[in-house]
Amino acid sequence: MNEFSFLDAAAGGMTAERTMLDIAARNVAAAQAATPGHPYERLVARIVDGDGTVAVRRETGSGDPLTELIAVLDAQRSYEMNASFFDTGKRLAERTLDIER
């Protein structure tokens, strides 16, 4: 582990959450287009590890756009948290380099 591995972890988290956000947005659109006789195919994503890898499986959706919209908001908040962590780490690294000069 080096001094800047936390930046890699935050970047991996942002990559994973962006993928989760894309999948959730796709599910919102599919849920809105679904009808009682024609359910949609819902994608369910799960983060596999810290490098941004996401596993996706398919299941039949219930046609509930609100549930899918909540997943979008959850992914957005998680992305923002990782971005904030990355920004803080970047400022810390810059400050460390300034002190070493």
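So if I check each of I70, I23, I47, which one is β-branched (V, I, T), at pLDDT 85 or above, within 20 Å of the chain's Cα centre (by Cα) and surrounded by 15 or more Cβ atoms within 10 Å (Cβ to Cβ)?
Among I70, I23, I47, only I23 is β-branched (V, I, T), at pLDDT 85 or above, within 20 Å of the chain's Cα centre (by Cα) and surrounded by 15 or more Cβ atoms within 10 Å (Cβ to Cβ).
Return only the number of the condition from (1) surrounded by fewer than 16 Cβ atoms within 10 Å (Cβ to Cβ); (2) in a strand (DSSP E or B); (3) at pLDDT 85 or above that R42 does not satisfy.
That leaves (1) as the condition not met.
So which residues in the range 73-101 are surrounded by 11 or more Cβ atoms within 10 Å (Cβ to Cβ), farther than 11 Å from A10 by Cβ and either at pLDDT below 85 or of a type in the set (S, T, N, Q) (or both), if there are any at all?
Q76, S78, A93, T96
Determine, yes or no, whether N82 is in contact (Cβ under 8 Å) with a residue 60 or more places away in the chain and polar (S, T, N, Q).
Against the criterion (in contact (Cβ under 8 Å) with a residue 60 or more places away in the chain and polar (S, T, N, Q)), N82 qualifies.
Looking only at the range 54-67, count how many residues are surrounded by 12 or more Cβ atoms within 10 Å (Cβ to Cβ) and in a helix (DSSP H, G or I).
Residues in the range 54-67 being surrounded by 12 or more Cβ atoms within 10 Å (Cβ to Cβ) and in a helix (DSSP H, G or I): 2 in total.
The values are calculated or read from the model by the stated rules, or taken from the named source; none is laboratory data. Keep in mind that this is a model prediction, so the values were computed, not measured. Note: ideal-geometry Cβ built from the backbone for every residue, glycine included; neighbour counts use all protein chains shown.
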